[in-house]
Amino acid sequence: MTLATVVAGSRPTVVLIGFQKLGNLGLGYLSAVLRGAGFQVRVLDIEAPPAEIFAAVTAAKPLLVGFSLIFQYYIRRYGELMAGLRANGVDCHFTMGGHYPTLSFEQTLLAVPELDSVVRFEGEITLVELVQALAQGKEWRGIQGLVHRAEGGIVANQARPLVPDLDSLPHPDRDFEPTLILGRKGMPILASRGCARTCSFCSIHTFYRTAPGKVVRIRKPAEVVAEMRALHEERAITIFLFQDDDFPLFGLKWRAWAGQLVDELHASGLARKVIWKLNCRADAVEPELLSRMRDAGLYLVYMGLESGTEEGLITLHKQITVEQNLRAVRTLKEIGVRFEFGFMLLDPSSTFESVFGNIAFLREIVGDGCAPATFCKMLPYDGTPIKDALAAAGRLKGDVCAPDYDFLDPRLDRFYADLARIMDVTGWVHGPRALTMQLEWAHTEVAVIRQLFPRLADIDAYEESLRGHTRVSNEGLFATVETLAELHVTGRGRAPDAGALRRQCEETLERVIAERDAFIMRHQATLLDALRIAA
Ligand code: SF4
């Protein structure tokens, strides 16, 4: 039986399961190539209730279920889901892809006995070949890029090279709802894959460097803009969220590429109709180019700043200086492009001095309330050089779902435990209801209103008030960290009162939401009119 005859009867179905929150382009590309090869595809959200997933998979009678693992600490949850599917009579081929299964395929297959195979690296071609072999009843174990079980162990076939030309792939399926910001619709998009840098805490470069082929591949600007235009015209998308690991901006060649993208946006007429966000390194932020990009709709830049001390940046192998981080922030403020950032208050080289240094850095960049402060502790995930270094030094703790390490100064461990408890109790920084997240959303709304709606009379006053709340929240956060650190260093002072801080956060959040709602209600008619005209 050939695939053609299978397809002529009823097209076999493939189910893909992964995170769908904010859209999953990885699954979208897989879905698109599978549909292009003649298969039906159902994409399911791993966050859906298991009973719903069991029912959907059972009804689909799939040839294969593909699991996309983004966060390694979800491996057990995926394992439980697969066991549940098997218990519900789903006996088809189970495969899995993603950074962790690719780089730690043996651990993956050992941890999840229900898995038949792992698709390593970029999965578009390997997965189609696997599904075609299954549909035709052919032997699949020799397929390039697969890992499978065999008598006597686990066999990793030859790795498949990375997709050399990203524009040879179809546009990804987007079987998910757009992100809505005040009625404007946002969608993720990719202009490139891969990252040329080698940060020690990141597995992205390991993923791309371990595979054969060119590490960074960039689409043609005209192709990127054609996809944007299609989404704008067909689904009324006006906010594009570039999910590139590192948007191509660094060096002469990539700057020229970014300039061409800007030209294409202007030529297509999209520059005045859509806005876009990108992720990049601070050392790629250059005022002239970024100003041109702003004029073509760039409204938000996310940078992984990660540390405010030279030692921290060296440990994290950021290959950047504190001054470069500061300069990028200054540049974005000067040219009026909003920024968000990632920051690791603590890393394996941390000392109390670096904690104070990091807080001083955060105060310098967001002490004015231009963005809410955020931070985390660096965790040693699989596939990262820092995890290997910690293991070699005998400092690695925890397991795949909760990898961790001790600091060199044991007082820092106690400090961090106290800080984590306060952050937990207050819900200040992490979680969808966190004050930081809500402030970030409110700032994003302001940026979107400024770009995609008519000018609202009192928007400057509203933004200033929002900055005021953000300033107070940030300073409270900094003072909490400093007070706690001081206590652990000197034994003097009192620990911050987590309950009182929680009440402060809740009160601030209530005020922020009340002001935001009042502002939106005041301008409801104008906002709705603008949406109606655009529809
Ligand atoms: S953290 Fe960012 S810049 Fe560093 S290697 Fe990973 S993707 Fe590249």
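Bear in mind these aren't lab numbers, they're just calculated from the coordinates by the rules spelled out. For clarity, every value in this text was computed on a predicted model and none was experimentally measured. As a convention, Cβ positions derive from the backbone with ideal geometry for all residues, glycine included, and neighbour counts pool all protein chains shown.
For the chain, DSSP calls about 25 percent of its internal beta bridges antiparallel.
Could you sort the peptides 149-156, 232-239 by per-residue average Cβ neighbour count (10 Å cutoff), highest mean leading? Mind showing how you got there, number by number?
Details: 149-156: 10.5, 232-239: 16.8.
Answer by packing, highest mean first, reads 232-239, 149-156.
A cut-off of 5 Å between modelled amide H atoms, ignoring neighbours fewer than 5 places along the same chain, links Val90 with no other residue.
Dividing the helix sum by the residues of the chain, where each DSSP H run of 4 or more adds -39500 (n - 2.57), gives a mean residue ellipticity at 222 nm of -15500 deg cm²/dmol.
In this structure, Val425 and Met521 have a Cβ-Cβ separation that, at R0 = 30 Å, corresponds to a calculated FRET efficiency of about 0.40.
With the cut-off at 27 Å, tell me which of the pairs Lys220/Lys277; Lys214/Lys277; Lys220/Lys333 have Cα atoms farther apart than that. Provide the component values of the computation, followed by the final result.
Numbers: Lys220/Lys277 18 Å; Lys214/Lys277 25 Å; Lys220/Lys333 30 Å.
The answer is Lys220/Lys333.
Scalar couplings 3J(HN,Hα) for the stretch 204-214, obtained by applying the Karplus form with A = 6.51, B = -1.76, C = 1.60 to θ = phi - 60°, are 4, 5, 5, 4, 7, 6, 6, 7, x, x, 5 Hz; x denotes Gly and Pro. Cβ screening of the chain for cysteine pairs under 4.7 Å finds these without a partner: Cys92, Cys195, Cys280, Cys370, Cys376, Cys401, Cys505. Between Glu234 and Glu286, the contour length at 0.36 nm per residue exceeds the Cα-Cα span by 15.3 nm.
Taking loop as defined by DSSP and a crowding limit of 10 other beta carbons within 10 Å, which trypsin sites (Lys or Arg not before Pro) in the stretch 61-148 fit?
Details: sites: Arg76, Arg77, Arg86, Arg120, Lys138, Arg141; in loops: Arg120, Lys138, Arg141.
Those that pass, being in a loop and sparsely packed, number zero.
Sequentially through the stretch 12-26, phi angles give Karplus couplings (6.51, -1.76, 1.60; θ = phi - 60°) of x, 10, 10, 9, 10, 10, x, 6, 10, 4, 6, x, 10, 6, x Hz, Gly and Pro residues having no value and appearing as x.
Cα centroid separation, the stretch 287-357 to the stretch 258-278: 25 Å. Once the C-beta distance of Glu80 and Leu22 is scaled by a Förster radius of 22 Å, the resulting FRET efficiency is 0.40 to the nearest 0.05. For the stretch 414-448, which trypsin sites (Lys or Arg not before Pro) are in a loop by DSSP, counting at most 15 other Cβ atoms within 10 Å? Passing sites in the stretch 414-448 are Arg433.
So how strong a dipole does the chain carry about its Cα centre when Lys and Arg Cβ are +1 and Asp and Glu Cβ are -1, to the nearest 20 debye? Can you show the working numbers first?
Numbers: 59 positive and 66 negative charges, 173 e Å.
I would put it at about 820 debye.
In straight-distance terms, cross-link reach from Lys397 covers every one of the lysines whose alpha-carbon lies under 29 Å from its own, apart from those fewer than eight places away in the same chain; here that gives Lys318, Lys377, Lys387. For Thr490, Thr126, the sequence from fewest to most other C-beta atoms within 10 Å is Thr490, Thr126. Here the 3J(HN,Hα) profile of the stretch 192-200, calculated from phi with Karplus coefficients 6.51, -1.76 and 1.60 at θ = phi - 60°, is 7, 10, x, 9, 7, 8, 9, 4, 6 Hz, Gly and Pro shown as x.
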